[in-house]
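Colleague: Below: one structure in structure tokens.
The values are calculated or read from the model by the stated rules, or taken from the named source; none is laboratory data. Small disclaimer: the values here were computed from a predicted structure and weren't measured. Note that we place each Cβ from the backbone using ideal geometry, even for glycine, and neighbour counts take in every protein chain shown.
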Amino acid sequence: MRETGIAGTPREAGALDVLGSARRGRQRSPLARFVRNRAAGVGAAIILLIVLTALLAPVIAPDDPYHQDLAASLQGPSAGHLFGTDSLGRDVLSRVLYGGRITIPMGVAAVAIALILGVPVGLFSGYRLGWTDTLAMRLTDILLAFPSLLLAMAIMAALGVHLWTVSVAIAVTSIPLYVRLVRGEVMRLRGREFVDAARCVGVNDRTIVFRHILPNALSPIIIQASLNAALAILSVSALSFIGLGAQPPSAEWGAMLADGRSVMQVAWNVTTFPGIAIVLVVLGFNLLGDGLRDAYDPRSRR
Amino acid sequence: MLAYALRRIVMLVPVLVGVSVLVFLMLHLTPGDPARLVAGPDATPTQVDEIRHALGLDQPLYRQYYVYMVRLAHGDLGQSIVTHDAVTDELAPRFAATAQLSGAAMLVAIVVGMSFGIISATRQYSVVDNLMSVLSLVGLSTPAYWLGLMLILLFSLHFRWLPAAGAGGIQHLILPTITLAMFAMATVARMTRGSMLDVLNQEFVQTARAKGLRERVVIIRHALKNALIPVITVVGLQVGQLLSGAVLTETVFAWPGIGRFMVDSIQARDFPIVQGGVLLTATTFVVVNLLVDLLYGVVDPRIRYP
């Protein structure tokens, strides 16, 4: 791509978007509202903190997450092991820190795949209309007819259990959401003057859709992606928990919970701490998504 | 209304056909030979060929789908590879167990979620409202199965008040219901609060207050009635979430439902069961959503059907 597509793109007058300025409200740009929005700030801070601890895990983790010490198994939290040890004597704190390097990228990958496949389909579906649109809409109808986790499970059953199939399976369940969202935005924008103008000077459909319409539809996509990341991370750990995702001895958070379940009677720590990690990250993405939505649409309430 | 309902039912047909095609193709998307998969790892090549023929897998794909659909129309979902019993006989009792759990969870989510939402909306920005906003967001961020594990840790293992697993009396239902209901409860609470706040600012509510009606009557009879539509939409969408959550809740609490059964069947590579279970759950979801759509007209007589 020659340019990022944001600079130099004709922007719809009064379009409310995270990156630009707004007409509505008291002349306060969405960016300013976002900065002032405490929920979004807290969310971004939580995500940053957890991503940092995951990135720095090799430096800050007190132990190798896969190092077994059977003599020290199932210990409660202590100075030596802040979160205690699991049934194989592995340090739970180290495993939780390293777990972020598995669970978060898998969830983010699922969102990325869904974006890459869903956004173009939504763009062309809403722009071309006709049979392209009808086909896309009927396909999303069918995909939305499945409860999401069951669809993901069915895909895992068909494709087999690998880390990449987890992300693909979860992505497939959220593609219809992006198709619908983007299509709606395009329908709203396709009749605007700047689209007509581009068409008049002979710009081809692909350029109109990607360089002119997409930049004006970015804000709701970003909001959806943030909220979707929260769900994707929940789904990644859920699939691992039921044995259809990351497999032992992986330090993936859901897999750790499945592992700790069998020793719950004697060791509360093994199931408690990975769960708190999941709650924190997911809460971070939910807060961020909510905050962005408030910044984008000041009328919506928290 | 009746014409609208009929048209909606007719519109379901292509969706359900699409669902059946996807479910049918599932077996064929798996890497490797489906006949070998069904026959198991120890089968001889002759046995695999026999099974391929018996299952009609040597026929062209469209022909196989036709046979699949004819059987489906007769209520025949095939046989379990593991137990050799009819899939429908295997699924029926488990579906009932899942319906019981999901129904209880839905009831709790609606009653508690709406109450919380109304309390929050009538005391906007109070301590109670802020606390509930935070709690509902945490509720949306908590993995259901982890909440289940924590409840077991506290109420079954520590206090020994409630059973940790299995089905039976009402005491077996309490923890799984709370676990499954939490996500929907938080969603309903948030939606009720938002929708109530919108309505409470409208003039007819002020008029009702000005008439000197008691606050309780204003809230329940005037405001809530008008705030219901978005809440009903969310409740309908939560059915899919409940069916997904049921898989996890049933796994945690060893509840004899369809979700846990499907997890076990995927691990046992019992494809007919998985196909039947996915088909049954998706159909349930689609039908419940149709019923919810039709409910709009009952709640809001202003809605006209084109």
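Colleague: Is it the case that B:Ala208 is of a type in the set (A, V, I, L, M, F, W, C), more than 9 Å from every other protein chain (Cβ to nearest Cβ) and more than 24 Å from B:Ser102 (Cα to Cα)?
Modeller: Details: of a type in the set (A, V, I, L, M, F, W, C): yes; more than 9 Å from every other protein chain (Cβ to nearest Cβ): yes; more than 24 Å from B:Ser102 (Cα to Cα): yes.
It is true that B:Ala208 is of a type in the set (A, V, I, L, M, F, W, C), more than 9 Å from every other protein chain (Cβ to nearest Cβ) and more than 24 Å from B:Ser102 (Cα to Cα).
Colleague: Name the single residue, out of those in the range B:234-249 being over 20 Å from B:Gly117 (Cα atoms) and of a type outside the set (Gly, Ala, Ser), that is nearest to the other protein chains (Cβ to nearest Cβ). Steps first, please.
Modeller: At the first step, the residues of the range B:234-249 found to be over 20 Å from B:Gly117 (Cα atoms) are B:240, B:243-249.
Within this subset, residues satisfying the condition of being of a type outside the set (Gly, Ala, Ser) are B:243, B:247-249.
Values: B:Leu243: 4, B:Val247: 6, B:Leu248: 6, B:Thr249: 11 Å.
Ranking the qualifying residues of the range B:234-249, first place goes to B:Leu243.
Colleague: Continuing with this model, one more query. Spot the failing condition for A:Gly14; the list is (1) in contact with a Lys or Arg (Cβ under 6 Å, 6 or more places away or on another chain); (2) at pLDDT 80 or above, and only one is missed.
Modeller: The single condition A:Gly14 does not satisfy is (2).
Colleague: Could you list, in sequence order, all residues of the range B:63-112 that are at pLDDT 90 or above and of a type in the set (D, E, K, R)?
Modeller: Those that are at pLDDT 90 or above and of a type in the set (D, E, K, R): B:Asp89, B:Glu90, B:Arg94.
Colleague: For the range B:264-282, which residues satisfy the criterion of being within 11 Å of chain A (Cβ to nearest Cβ), of a type outside the set (Val, Ile, Thr) and touching a residue at least 12 places away in the same chain (Cβ under 8 Å)?
Modeller: B:Ser265, B:Ala268, B:Arg269, B:Asp270, B:Phe271, B:Gln275, B:Gly277, B:Leu279, B:Leu280, B:Ala282
Colleague: Could you list all residues from the range A:261-270 that are surrounded by fewer than 24 Cβ atoms within 10 Å (Cβ to Cβ), in contact (Cβ under 8 Å) with a residue 12 or more places away in the chain and assigned to a helix (DSSP H, G or I)?
Modeller: A:Asn269
Colleague: Here is a follow-up. With A:Leu239, A:Leu280, A:Leu287 as the choices, which residue is within 11 Å of chain B (Cβ to nearest Cβ), farther than 30 Å from B:Asn201 by Cβ and buried (at least 24 other Cβ atoms within 10 Å of the Cβ)? Spell out how you get there, then give the answer.
Modeller: Working: A:Leu280 fails: buried (at least 24 other Cβ atoms within 10 Å of the Cβ); A:Leu287 fails: farther than 30 Å from B:Asn201 by Cβ.
Answer to the selection: A:Leu239.
Colleague: Hey, among B:Val13, B:Val38, B:Val21, B:Val70, which residue is surrounded by 18 or more Cβ atoms within 10 Å (Cβ to Cβ), under 30 Å from the mean Cα position of the chain (by Cα) and farther than 30 Å from B:Ala167 by Cα? Walk me through how you get there before you give the answer.
Modeller: Values: B:Val13 fails: surrounded by 18 or more Cβ atoms within 10 Å (Cβ to Cβ); B:Val21 fails: surrounded by 18 or more Cβ atoms within 10 Å (Cβ to Cβ); B:Val70 fails: surrounded by 18 or more Cβ atoms within 10 Å (Cβ to Cβ).
Sole residue among the options that is surrounded by 18 or more Cβ atoms within 10 Å (Cβ to Cβ), under 30 Å from the mean Cα position of the chain (by Cα) and farther than 30 Å from B:Ala167 by Cα: B:Val38.
Colleague: Test B:Ser244 against the criterion of being free of Cβ contacts under 8 Å to residues at least 24 places away in the same chain, in a helix (DSSP H, G or I) and touching a helix residue (DSSP H, G or I) at 6+ places or on another chain (Cβ under 6 Å), and give yes or no.
Modeller: Details: free of Cβ contacts under 8 Å to residues at least 24 places away in the same chain: yes; in a helix (DSSP H, G or I): yes; touching a helix residue (DSSP H, G or I) at 6+ places or on another chain (Cβ under 6 Å): yes.
Yes.
Colleague: While we're looking at this one, here's another question. In the range A:175-182, is there at least one residue being in a loop (DSSP other than H, G, I, E, B) and either of a type in the set (Asp, Glu) or within 14 Å of chain B (Cβ to nearest Cβ) (or both)? Working first, answer last.
Modeller: Restricting attention to the range A:175-182, the residues satisfying the condition of being in a loop (DSSP other than H, G, I, E, B) are none.
Within the range A:175-182 (the criterion being in a loop (DSSP other than H, G, I, E, B) and either of a type in the set (Asp, Glu) or within 14 Å of chain B (Cβ to nearest Cβ) (or both)), the answer is no, since none of the residues qualifies.
Let's see how each residue does on (1) under 30 Å from B:Leu154 (Cα atoms); (2) touching a Phe, Trp or Tyr at 6+ places or on another chain (Cβ under 7 Å); (3) in contact (Cβ under 8 Å) with a residue 24 or more places away in the chain:
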| residue | (1), (2), (3) |
| --- | --- |
| B:Leu180 | yes, no, yes |
| B:Phe183 | yes, no, yes |
| B:Ala186 | yes, no, yes |
| B:Ile220 | no, no, no |
| B:Leu224 | no, no, yes |
| B:Val239 | yes, yes, yes |
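Colleague: Only one of (1) farther than 20 Å from B:Met11 by Cα; (2) within 11 Å of the chain's Cα centre (by Cα) fails for B:Arg260. Which number is that?
Modeller: (2)
Colleague: From the list B:Phe285, B:Phe261, exactly one residue is of a type in the set (Phe, Trp, Tyr), assigned to a helix (DSSP H, G or I) and more than 9 Å from every other protein chain (Cβ to nearest Cβ). Which is it? Spell out how you get there, then give the answer.
Modeller: Working: B:Phe285 fails: more than 9 Å from every other protein chain (Cβ to nearest Cβ).
Going through B:Phe285, B:Phe261 in turn, just one is of a type in the set (Phe, Trp, Tyr), assigned to a helix (DSSP H, G or I) and more than 9 Å from every other protein chain (Cβ to nearest Cβ): B:Phe261.
Colleague: Identify all residues within the range A:183-215 that are within 26 Å of A:Leu139 (Cβ to Cβ) and not in a helix (DSSP H, G or I); write none if there are none.
Modeller: Selection gives A:Arg190, A:Gly191, A:Asn204.
Colleague: Would you call A:Ser219 among the hydroxyl-bearing types (Ser, Thr, Tyr), part of a loop (DSSP other than H, G, I, E, B), more than 10 Å from chain B (Cβ to nearest Cβ) and touching a residue at least 60 places away in the same chain (Cβ under 8 Å)?
Modeller: Values: among the hydroxyl-bearing types (Ser, Thr, Tyr): yes; part of a loop (DSSP other than H, G, I, E, B): no; more than 10 Å from chain B (Cβ to nearest Cβ): yes; touching a residue at least 60 places away in the same chain (Cβ under 8 Å): yes.
No: the conditions fail for A:Ser219.
Colleague: Residues of the range A:135-167 being among the polar types (S, T, N, Q) and either within 11 Å of another protein chain (Cβ to nearest Cβ) or not in a helix (DSSP H, G or I) (or both), which ones? Reasoning before the result, please.
Modeller: Applying the first criterion (among the polar types (S, T, N, Q)) to the range A:135-167 yields A:140, A:148, A:165, A:167.
Within the range A:135-167, A:Thr140, A:Ser148, A:Thr165 qualify.
Colleague: Please state which of the following conditions B:Thr142 fails to meet, knowing it meets all the rest: (1) more than 14 Å from chain A (Cβ to nearest Cβ); (2) surrounded by 13 or more Cβ atoms within 10 Å (Cβ to Cβ); (3) of a type outside the set (Asp, Glu).
Modeller: Every condition holds for B:Thr142 apart from (1).
Colleague: Evaluate the following for A:Leu257: is it crowded, with 21+ Cβ neighbours inside 10 Å, in contact with a Ser or Thr (Cβ under 6 Å, 6 or more places away or on another chain), within 21 Å of B:His158 (Cβ to Cβ) and aliphatic (A, V, I, L, M)? Please lay out each step first, then the result.
Modeller: Details: crowded, with 21+ Cβ neighbours inside 10 Å: yes; in contact with a Ser or Thr (Cβ under 6 Å, 6 or more places away or on another chain): yes; within 21 Å of B:His158 (Cβ to Cβ): yes; aliphatic (A, V, I, L, M): yes.
So A:Leu257 fits the description; yes.
Colleague: From the list A:Ile213, A:Ile170, A:Ile208, which residue is within 14 Å of chain B (Cβ to nearest Cβ), β-branched (Val, Ile, Thr) and touching a helix residue (DSSP H, G or I) at 6+ places or on another chain (Cβ under 6 Å)? Quick ask: steps written out before the conclusion?
Modeller: On the way: A:Ile213 fails: within 14 Å of chain B (Cβ to nearest Cβ); A:Ile208 fails: within 14 Å of chain B (Cβ to nearest Cβ).
Going through A:Ile213, A:Ile170, A:Ile208 in turn, the sole match is A:Ile170.
Colleague: Which condition number does B:Ala164 fail, the rest of (1) touching a residue at least 40 places away in the same chain (Cβ under 8 Å); (2) among the hydrophobic types (A, V, I, L, M, F, W, C); (3) assigned to a helix (DSSP H, G or I) being met?
Modeller: So the condition that B:Ala164 fails would be (3).
Colleague: Do we have B:Leu180 as within 9 Å of chain A (Cβ to nearest Cβ), under 25 Å from A:Asn269 (Cα atoms), of a type outside the set (Val, Ile, Thr) and part of a helix (DSSP H, G or I) here? Lay out the reasoning, then the answer.
Modeller: Numbers: within 9 Å of chain A (Cβ to nearest Cβ): no; under 25 Å from A:Asn269 (Cα atoms): yes; of a type outside the set (Val, Ile, Thr): yes; part of a helix (DSSP H, G or I): yes.
Spelling it out, it is not the case that B:Leu180 is within 9 Å of chain A (Cβ to nearest Cβ), under 25 Å from A:Asn269 (Cα atoms), of a type outside the set (Val, Ile, Thr) and part of a helix (DSSP H, G or I).
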